[in-house]
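Peer 1: Sending over a structure as structure tokens; questions will come in a sec.
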Amino acid sequence: MIDSRIGYAGSQNIVDANTTNEELVARITGPVVLELQAVFAADWFLETEEVLDIAGLFPHHHPGAGVVAQVLPSGPDYPTAGVSHLMVGLIHGARERVVITTPYFIPDEALLRALQAAVLRGVEVHLVVSRQVDQILVGFAQRSYYEELLEAGIQIHLYRSRLLHAKHFSIDGEITQIGSSNVDIRSFLLNAEVSLIFYDKDITARLLLEQERYFASSDLLTFPLWRGRFFGIKVCENLARLMSPLL
């Protein structure tokens, strides 16, 4: 947050500027910035036991004309407000299209069933993940889900250019989520994460342009190709899946 008026949220890590990871970050202004600031103040208190109660940190902003947005924190300190609950609920309500972009995909049972049920309703479901991996064990565990996803009719796009570290999803061209949370059990239950939710067709349309670019820069995984991988790789994937709740 800058001057309580500008906020940034998304997948951007503070790393070497020469890194080749591809990220996506939202820059926001307006009242929703104060929601981000409230999350920061809570985190600050947990770490330092100092209360950031300076009035200037939370100035009144007239809403004006803008988009409907909200901040969703998640983690052990928010046991009933996880981003996984939002994602599962929105997928169950989807009627046309779901696009999920994440560097790490290790779904829990509720999310997996929601995706499968969406396809059965005729919803077009896309998963964009990176072909390049930076964590070998997580990569194997993630790949162990591909077969049942493909069998369900979910389209898996393997982004080929570099490590795609962006984390967002869109529902029916109307709702967008951009944040720090991966689509994995650790992010859902253990990690402290924050997400921006936009209920706006124009914002979602801008994200859809990025998603279409991902599709064009990806290889679409096919079921016959995936079934033909080496047996030894399948064994590694299944062993890694046993540890997926810890990854």
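Peer 1: How much net charge surrounds PHE223 when only other residues with a Cβ under 11 Å from its Cβ are counted (Lys, Arg +1; Asp, Glu -1)?
Peer 2: Once all neighbours under 11 Å are counted, the net charge is -2.
Peer 1: Now a separate question. I need the trypsin sites (Lys or Arg not before Pro) found in the range 192-229, filtered to DSSP loop residues with at most 16 other beta carbons within 10 Å of theirs.
Peer 2: ARG229
Peer 1: With the cut-off at 1.5 for a/c, could you classify the range 71-151 from its C-alpha gyration tensor as rounded, prolate or oblate?
Peer 2: Since a/c reaches 1.5 but b/c is at least a/b, the shape of the range 71-151 is classed as oblate.
Peer 1: Using the Cα gyration tensor of the range 130-183, with a ≥ b ≥ c the square roots of its eigenvalues, what is the shape: rounded (a/c below 1.5), prolate (a/b larger than b/c) or oblate (neither)?
Peer 2: Oblate, because a/c is 1.5 or more while a/b does not exceed b/c.
Peer 1: Same structure, new question: Seen from all sides and averaged, what is the projected area of the convex hull of the Cα atoms in the range 69-246, in nm²?
Peer 2: Mean shadow area of the hull around the Cα atoms is 9.5 nm².
Peer 1: How charged is the neighbourhood of ASN182? Take every other residue with its Cβ under 9 Å from the Cβ of ASN182, and add Lys/Arg as +1 and Asp/Glu as -1.
Peer 2: 0
Peer 1: Follow-up. Can you check what the net charge comes to around ALA141, using other residues whose Cβ is under 10 Å from the Cβ of ALA141 (Lys, Arg +1; Asp, Glu -1)?
Peer 2: Neighbour charge sum, excluding ALA141 itself: 0.
Peer 1: Only four residue types carry charge here, +1 at the Cβ of Lys and Arg and -1 at the Cβ of Asp and Glu. Report the dipole size of the chain about the Cα centre in Debye, rounded to the nearest 20.
Peer 2: Approximately 960 debye in magnitude.
Peer 1: State the antiparallel share, in %, of DSSP beta bridges confined to the chain, rounding to the nearest 5.
Peer 2: Counting DSSP beta bridges with both partners in the chain, the antiparallel share is about 70 percent.
No lab work stands behind these numbers, since they all come straight from the coordinates. Here the structure is a predicted model, which means the values were calculated and not measured. Cβ atoms come from the backbone with ideal geometry, glycine included; neighbour counts cover every protein chain shown.
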